[in-house]
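Asks: This is the structure I want to talk about, given as structure tokens.
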Amino acid sequence: MRIWTQWWSWVEPLRAACSRSRSFLWLLAALAGISIRSDLLGVTSIVRALGLSGYGYDRLLDFFHSKAVDPDALCRCWVKTVFARMAGIYRVNGRPVLLGDGIKIPKRGRKMPAVKLLHQVSDSNTKPEYIMGHSIQAVSVLVSAASSFFAVPLSARIHEGLVFTNRDQRTLPNKFLSLVEALGIAEPVYLVADAYYACHTMALGLTQAGSHLISRLRKNSVAFEPIPPTEAKPKRGCPRLYGGKVRLFTLFETSGDRWITVSSPVYGEKDVLIRYLCLDLLWRPIRRLACFVLVEHPDRGRIILLCTDLSLNPIEIIRLYGLRFKIELSFKQAVRTLGAYAYHFWMRAMDEIGSRSGDQYLYRKTDHYRNAIRRKLAAYHRYIQIALISQGVLQCIATTTPALVWSSFGSWLCTIRPGIPPSELVVMIALRNSLPDFLIACGPGHLLRKFLRDRLDLNRAEGFRLAG
């Protein structure tokens with residue numbers, strides 16, 4: 001019961017994002033169902049997890065397609081809650097650290113908006129090179145818990161596949177920057193991202209807002225030496241902006257006193273020595289100085305890191321980029337444990353797409369058709385945002401009250417590591433075991449309890465049958 005009290009304390013502030021009380025109650029039902037379900041079969045799994053009658057299935061579909069809950073407003077409300085209540089947000093120089101990346105979700109629906117042919121670059125032999133699916137970009141905040149770290153998801157949106165107007169010339173970095181700005185974080189941040197986001201749009205957009213980018217660069221990247229100050233009379237014509245070109249990857253072959261050997265600051269590594277070289281050079285995409293850190297690892301090889309903050313310690317730059325993989329783990333949990341992208345919303349009136357088609361161009365379609373596409377896309381975003389909030393709530397409970405989670409777990413694990421907070425799956429099992437006690441108890445969440453009890457079908461409620 002107490003673990004549901006904690007759950008309620010995290011979701012209650014989301015009432016500000018709902019236009020009506022009834023919408024808020026259906027939002028809570030969706031959050032609770034995603035947080036305790038044992039299968040990942042879309043909306044039907046939410047109905048089964050909560051033991052609702054068949055009537056609840058249609059109502060949940062109506063809720064996900066309704067305008068009563070705006071995904072962007074819900075996102076801002078969730079971000080505000082996390083930054084107000086989560087004490088473990090990891091900060092560097094007083095700034096929170098955000099992690100950004102993209103994920104491609106396979107979808108074979110011939111009548112699903114934004115589904116297109118996508119190329120995957122991966123070393124895993126389990127991922128095909130080309131898939132049909134949704135291209136999604138996501139942002140998380142790095143949270144420190146005991147001796148570990150979590151990437152608490154904040155927001156994710158589908159940014160490819162639909163072209164409503166040919167005047168929209170925004171690229172994926174443009175859309176990702178808009179996603180970061182839409183979070184409503186009122187303080188400057190450090191954004192850690194992969195090499196795809198090391199571009200003019202991201203670096204300049206963040207620095208203009210007072211934030212900074214930490215990213216990896218490709219092997220063929222170049223930089224330029226600053227123009228040395230001279231006392232000679234300037235020549236005719238435009239003054240030079242850049243000095244000599246420096247091919248960064250060739251610097252690994254050089255030796256000298258500038259290279260420094262230190263213990264590896266990468267998360268999880270001990271007794272490993274790396275060597276690095278830090279240079280402040282001009283980066284042409286932003287026409288200003290940037291910090292370049294060349295790192296040579298005995299096992300992982302060579303890498304070039306970029307940071308737009310010249311004052312940040314290079315050891316900290318290496319350490320922060322080493323924590324970027326936490327968003328990859330967050331993706332894994334979202335896909336395999338939460339089913340955050342397991343939505344199955346088809347559009348009957350949509351034109352059927354081909355098996356290897358690209359973007360869907362809609363600027364010659366009718367307004368009615370475009371509005372129907374927007375409604376379906378908003379349903380996808382609403383489902384994704386609610387599922388990510390569910391994952392974030394599970395992580396917040398795990399990091400703030402781990403002892404309470406283990407006391408409600410009621411099952412067995414081969415190893416319970418001290419100093420490591422429980423995973424999302426452990427918190428889900430603890431919540432699932434405590435659901436009957438929550439529905440028959442008193443205290444916080446009485447509106448949700450009454451709302452669910454009125455819609456229960458006890459012949460289908462697995463938790464109640466097991467409790468009985």
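The values are calculated or read from the model by the stated rules, or taken from the named source; none is laboratory data. Just so it is clear, the model here is predicted, and its values are computed rather than measured. Note that each Cβ is placed from the backbone with ideal geometry, even for glycine, and that neighbours are counted across all protein chains shown.
Asks: For the stretch 381-407, enumerate the residues that are crowded, with 22+ Cβ neighbours inside 10 Å and either of a type in the set (Lys, Arg) or more than 28 Å from ARG157 (Cα to Cα) (or both).
Replies: Correct list: ARG382, VAL405.
Asks: Regarding the stretch 166-182, can at least one residue be identified that is β-branched (Val, Ile, Thr), at pLDDT below 95 and surrounded by fewer than 22 Cβ atoms within 10 Å (Cβ to Cβ)? Can you show your working first?
Replies: Start the filter on the stretch 166-182 by keeping residues that are β-branched (Val, Ile, Thr), which leaves 171, 180.
Going one step further and asking which of them are at pLDDT below 95, we end up with 171.
Next, from what is left, pick out any that are surrounded by fewer than 22 Cβ atoms within 10 Å (Cβ to Cβ): 171.
Scanning the stretch 166-182, I find at least one residue that is β-branched (Val, Ile, Thr), at pLDDT below 95 and surrounded by fewer than 22 Cβ atoms within 10 Å (Cβ to Cβ), so the answer is yes.
Asks: Show me the helices (runs of 4 or more DSSP H) found entirely inside the stretch 356-459 where at least 2 residues are of a type in the set (Ser, Thr, Tyr), over 17 Å from GLN6 (Cβ atoms) and assigned by TED's automatic domain parsing to the domain that holds PRO13.
Replies: Working: elements: 367-400, 402-409, 424-440, 446-453.
Result: 367-400.
Asks: Please determine whether any residue of the stretch 42-60 is of a type in the set (A, V, I, L, M), surrounded by fewer than 18 Cβ atoms within 10 Å (Cβ to Cβ) and either under 23 Å from the mean Cα position of the chain (by Cα) or in the same structural domain as LEU447 (by TED's automatic domain parsing) (or both). First the steps, then the outcome.
Replies: Of the residues in the stretch 42-60, the ones of a type in the set (A, V, I, L, M) are 43, 46-47, 49-50, 52, 60.
From the residues that got through so far, the ones that are surrounded by fewer than 18 Cβ atoms within 10 Å (Cβ to Cβ) too are none.
No: the stretch 42-60 contains no residue that is of a type in the set (A, V, I, L, M), surrounded by fewer than 18 Cβ atoms within 10 Å (Cβ to Cβ) and either under 23 Å from the mean Cα position of the chain (by Cα) or in the same structural domain as LEU447 (by TED's automatic domain parsing) (or both).
Asks: Identify, please: which residue in the stretch 61-81 is aliphatic (A, V, I, L, M) and in a helix (DSSP H, G or I) and is, among those, farthest from the chain's Cα centre (by Cα)?
Replies: As a first pass, look at the stretch 61-81 and keep what is aliphatic (A, V, I, L, M): 61, 68-69, 73-74, 79.
Subsequent filtering for residues that are in a helix (DSSP H, G or I) retains 61, 73-74, 79.
Details: LEU61: 24, ALA73: 17, LEU74: 15, VAL79: 12 Å.
The selected residue is LEU61.
Asks: Related question: Suppose we filter the stretch 296-326 for residues that are within 21 Å of ASN93 (Cα to Cα), acidic (Asp, Glu) and touching a helix residue (DSSP H, G or I) at 6+ places or on another chain (Cβ under 9 Å); how many remain? Walk me through it before giving the result.
Replies: Let us first name the residues in the stretch 296-326 that are within 21 Å of ASN93 (Cα to Cα), namely 305-324, 326.
So of that shortlist, the ones also acidic (Asp, Glu) come out as 309, 316.
Still in the list and also touching a helix residue (DSSP H, G or I) at 6+ places or on another chain (Cβ under 9 Å): 309.
Total meeting the criteria: 1.
Asks: So, one more: Return yes when GLY109 is in the same structural domain as LYS332 (by TED's automatic domain parsing) and in a strand (DSSP E or B) and no when it is not.
Replies: Judged against the criteria, GLY109 is not a match.
Asks: If you take just the strands (runs of 3 or more DSSP E) that sit entirely in the stretch 199-288, which of them hold at least 1 residues that are among the acidic types (Asp, Glu) and at pLDDT 90 or above?
Replies: Numbers: elements: 212-217, 222-224, 245-247, 260-263, 273-283.
Hits in the stretch 199-288: 273-283.
Asks: Looking at LEU305, LEU320, can you tell me which residue is under 21 Å from the mean Cα position of the chain (by Cα) and over 30 Å from LYS107 (Cα atoms)?
Replies: Values: LEU305 fails: under 21 Å from the mean Cα position of the chain (by Cα).
Every option except LEU320 fails the conditions.
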